[in-house]
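One structure is given below, encoded as structure tokens.
Computed from the coordinates by the stated procedures, all read-outs in this text should not be read as laboratory data. What you see is a predicted model; the values in this text were computed from it and never measured. In this analysis, Cβ positions are derived from the backbone assuming ideal geometry, glycine residues included, and neighbour counts consider all displayed protein chains.
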Amino acid sequence: EMTSVTGVQTCALPICGEAEMAAGAQADASAAFKQWKRGQKLGEGTFGEVYIATHEITGEKAALKKIKLECEDEGVPGTTLREVSLLKELHHPNVVQLKDVFYMPNDSKLYLCFEYCDYDLKKYMKSCQYKLSANCIKSFTYQMLNGLSWCHSHRIFHRDLKPQNVLVDPKRGTLKLADFGLARAFTVPLRTYTHEVVTLWYRAPEILLGGKQYSVPVDIWSVGTIIPEMVTGQPLFPGDSEIDELFKIFRLLGTPNENLWQGVQQLPDFKAEFPKWKPRNLREIVQHPERLNDQGLDLIAQMLKYTPNERIVAKDALEHPYFANLDKATVGTIPLPI
Ligand code: AMP
């Protein structure tokens, strides 16, 4: 049975080199795909265009992501398809559900069908005039960490977390992380297929310095940069090139050396000639203690540790005193202003 092999719904011809699939199953998959009626374009992501779609029978909404494939004529390797379809098994209230994977080998098109969310964090912050309340910031931070903790415990990391792929349902007060695991399946390009530069603002310093061994701590770094943006409305490190990104980080956290970050000198792009900045106080940059108290600031500091394995892990972050007065039973169920 086709879904037990790869979990991928294949329309038209079978995947090259894969076992032949029953013609009946392909027709089913093709019919299943056609039941999603494509609507307006929602945006352009790292991997391709995103459309809203409505299921013609159930009326259910979905976000249909058309993956732009690098080598259109070569088709998708079976390993990529298997890797992507494994993500369908990842069920968590704070992770956007991958409902289905549709692959059309004939025209080399791959579609990922995701649970739909009304807002991404960027749009939601804008709709609130960039003034999220203290409770909202705490709830969003907790839910991000909850989703991260779940994925990390399954050895899946995101690598490219940013406000555009943090999705929000204000009617329920729920936050969900999108695009989990895709960076590994497809490798993040330098530019999107529309030649837009992929943002560096949330990228961990070990990646920027050319490290090859990075892992789950890169996602904690991203959360550590997203929280200040929820507080101030401004990105924390809005670099316009890799070096500008690094220097923006260094200006706040100090230029890393072996004291601040053991092993930094071994990273491929580290230069002893980097300008030397001293660490600054986070509160100078992340003001508004009424939106983020000192405990919240301490949590950020632990997320923005240079040494990746000194960075707080998601599971421990959920136990941080910043969340002591958060009602964990109702988090993600209380409507938020729109
Ligand atoms: P991405 O490929 O995740 O960067 O998506 C590009 C844009 O499409 C995002 O900025 C979102 O606004 C939108 N988008 C992505 N996934 C969804 C989804 N599941 N529901 C609603 N909108 C989405």
Q) What is the distance, in nm, between label points placed 7 Å from the Cα along the Cα-to-Cβ direction at Asn293 and at Ser133? A) 1.6 nm
Q: Return the sequence-ordered ³J(HN,Hα) values of segment 287-298 in whole Hz as given by the Karplus equation 6.51 cos²θ - 1.76 cosθ + 1.60 applied to θ = phi - 60°, using x for Gly and Pro.
A: 7, 6, x, 6, 9, 9, 6, 5, 5, x, 5, 5
(Q) Going by amide H atoms built from the backbone, whose H comes under 5 Å of the H on Tyr116, apart from near neighbours? (A) Ala63
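In percent, how large is the relative contact order of segment 106-193, given Cα pairs closer than 8 Å and 6 or more residues apart?
Working: 66 pairs, mean separation 29.5, N = 88.
Value for segment 106-193: 34 percent.
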Q | Degrees, to the nearest 10: 242-253 long Cα axis against longest axis of the chain | A | 40 degrees
Q. Given H placed 1.01 Å from N in the peptide plane, which residues other than close sequence neighbours of Asp100 have an amide H under 5 Å from its amide H?
A. Cys113
Q: Mind sorting Tyr130, Tyr142 by how few other Cβ atoms lie within 10 Å of their own Cβ, fewest first?
A: Tyr130, Tyr142
Q) Can you work out the FRET efficiency for the pair Ser215 and Glu89, with r the C-beta to C-beta distance and R0 = 22 Å, to the nearest 0.05? A) 0.60
Q | Gly39 long-range amide H proximity, modeled H, under 5 Å | A | Ile52, Ala53, Thr54
Q) Over the chain, what relative contact order in percent results from Cα pairs under 8 Å that are six or more residues apart? A) 16 percent
Q | Per-residue ³J(HN,Hα) for segment 201-210, Karplus 6.51 cos²θ - 1.76 cosθ + 1.60, θ = phi - 60°, Hz, x for Gly and Pro | A | 4, 10, 7, 5, x, 5, 6, 4, 8, x
Q | Calculated over segment 197-335: convex hull of Cα atoms, volume per residue (Å³) | A | 132 Å³
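In nm, what is the difference between 0.36 nm times the number of residues separating Arg155 and Ile338 and their Cα-Cα distance? All intermediate terms of the calculation are to be shown ahead of the outcome.
Details: separation 183, 0.36 × 183 = 65.88 nm, distance 3.46 nm.
Gain in length upon complete extension: 62.4 nm.
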Q: Give a residue-ordered list of calculated ³J(HN,Hα) values for segment 170-177 (Karplus: 6.51 cos²θ - 1.76 cosθ + 1.60, θ = phi - 60°; whole Hz; x for Gly, Pro).
A: x, 4, 10, x, 9, 10, 9, 8
